[in-house]
Amino acid sequence: RQVEIAAKMALISLHKATKRLKISQKWDFFLIQFRKIGFMIALTDTSQLEDQGILVVLKHSTRCIVSKTVLKELNRSLEFNDATFLYLDLLQYRSISNYIAEKYGIQHESPQLLVISDGKVNYAASHSSIDSEVVNRMLNQ
């Protein structure tokens, strides 16, 4: 049921985000968003951060070209293993970003990628400093 709700929320977000794009841009945007839904779970509640395993959290703004570029790069280069990949839509869930900042002592940025395990942030990077090779090495140790 949660996956169904998350998928519906992602489609609503996709619809809102594509309203402002030209027809030719919409298809490219949709393909990126569809792949995102395939490997990432929408982060819609702080309880999802209580997972005991490794969490990879992407804080993303659907209105930001830098965020879109980072998302494309992650789609291409992240190796998906046993970690839980969470996608945080900052336009809809900014309060969760604030919660993360307070709980882990990490300043809010967008786009931002966090790797969390054992209740600690082991990797935090934003904008062009997000390095999927570093994240892949961390996740495959």
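Couple of notes before you dig in:
- Gly53 meets all of the listed conditions (1) of a type in the set (Gly, Ala, Ser); (2) exposed (fewer than 14 other Cβ atoms within 10 Å of the Cβ); (3) part of a helix (DSSP H, G or I) but one, namely (3).
- Residues in the stretch 45-69 that are at pLDDT 85 or above and within 12 Å of the chain's Cα centre (by Cα): Leu55, Val56, Val57, Leu58, Lys59, His60, Ser61, Ser67.
- No other residue among Ser95, Ser110 is part of a loop (DSSP other than H, G, I, E, B), modelled with pLDDT of 85 or more and open to solvent by 20 Å² or more (accessible area, probe 1.4 Å) apart from Ser110.
- Residue match in the stretch 83-90 (condition: at pLDDT 85 or above, at positive phi and outside any loop (DSSP other than H, G, I, E, B)): no
- Some residue of the stretch 109-120 being more than 15 Å from the chain's Cα centre (by Cα) and more than 16 Å from Gln48 (Cα to Cα): no
- The one condition in (1) loosely packed, with under 14 Cβ neighbours inside 10 Å; (2) in a helix (DSSP H, G or I); (3) without any contact (Cβ under 8 Å) to a residue 40 or more places away in the chain that Lys103 fails to fulfil: (3)
The values are calculated or read from the model by the stated rules, or taken from the named source; none is laboratory data. Remember, predicted model here, so these are calculated numbers, not experimental data. A quick note on method: Cβ atoms are made from the backbone with ideal geometry, for glycine too, and the neighbour counts reach across all protein chains shown. Ligands, DNA and RNA are excluded from the accessible area calculation, which covers all protein heavy atoms including side chains. Shrake-Rupley method; radii C 1.70, N 1.55, O 1.52, S 1.80 Å.
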